[in-house]
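The structure appears right after this line, and notes come after that.
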Amino acid sequence: MRACYPGSFDPITLGHLDIIERAAPLCAHLTVAVIHNPSKTTLFTLAERQEMLTQQLSHLSNVSVDHFSGLLVDYVAQKEIRAVVRGLRDSSDAPIELQMARLNREMNSHCETLLLASAGKYSHVSSSFVREIARLGGPIEQLVTPRVAALVQQKLKSKEAS
């Protein structure tokens, strides 16, 4: 089965990596699909997020990185992907994830959603928290890989300088 793990990945966190590494063995191929939403302000460009993911996932032979804009169901239909992988950090994620899964299935009857519970140690981790903590000068090394932490710090410094 071909599956897709969509997200903004701005930046990729240890929680994202946990879900990807656990989902990859469950499918023949996993596409990590970066959402491109031009109306949303991101810290990293689409190309930077794709490159960051490619570097972080190079050890997984059945995982590739792609991007899309528009509806996820259109993307998975175009790519002939059968399942969407989503992570559940805690019980507050469940209602919205279930609603999205039902809507996706209504729009594309071939689109199943696989919900994976996050590891407890990552249940509090989100890209927005990483960005905010980093902006305020706090430590992010326990939330992202060392390479991503360096990229976040470098990006914030370059934004301050401009």
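Of note:
- Top-ranked residue in the range 26-73 [being out of contact with any helix residue (DSSP H, G or I) (no Cβ under 7 Å at 6 or more places or on another chain) and among the β-branched types (V, I, T); ranked as surrounded by the most Cβ atoms within 10 Å (Cβ to Cβ)]: T31
- Within the range 94-128, considering residues that are assigned to a strand (DSSP E or B) and free of Cβ contacts under 8 Å to residues at least 60 places away in the same chain, the one farthest from the chain's Cα centre (by Cα): E112
- Beta carbons closer than 8 Å, at least 6 apart along the sequence or on distinct chains, pair a first residue in the range 32-51 that is closer than 14 Å to K155 by Cα with a second that is among the charged types (D, E, K, R) and buried (at least 19 other Cβ atoms within 10 Å of the Cβ) for T42/D10; T42/R49; L43/D10; L43/R131; F44/D10; R49/D10.
- Any chance A23 is surrounded by fewer than 18 Cβ atoms within 10 Å (Cβ to Cβ) and either part of a helix (DSSP H, G or I) or in contact with a His (Cβ under 6 Å, 6 or more places away or on another chain) (or both): no
- You will find that of V76, V32, the residue that is in contact with a Cys (Cβ under 9 Å, 6 or more places away or on another chain) and within 30 Å of E160 (Cβ to Cβ) is V32 and no other.
- Just one of the listed residues (R86, R49) is assigned to a helix (DSSP H, G or I), touching an Asp or Glu at 6+ places or on another chain (Cβ under 8 Å) and under 28 Å from R135 (Cα atoms), and it is R49.
- Of residues in the range 99-146 being surrounded by fewer than 14 Cβ atoms within 10 Å (Cβ to Cβ) and small (G, A, S), the one modelled with the lowest pLDDT: G120
- Residue check for V76: outside any helix (DSSP H, G or I) and buried (at least 18 other Cβ atoms within 10 Å of the Cβ): no
- Top-ranked residue of the range 79-93 - restricted to ones that are in contact (Cβ under 8 Å) with a residue 12 or more places away in the chain, over 14 Å from the mean Cα position of the chain (by Cα) and surrounded by fewer than 19 Cβ atoms within 10 Å (Cβ to Cβ), ranked as nearest to H110 (Cα to Cα): R82
The values are calculated or read from the model by the stated rules, or taken from the named source; none is laboratory data. Computed from a prediction, not measured in an experiment: that's the story for all the values here. No Cβ is skipped: glycine too gets one built from the backbone with ideal geometry, and neighbour counts run over all protein chains shown.
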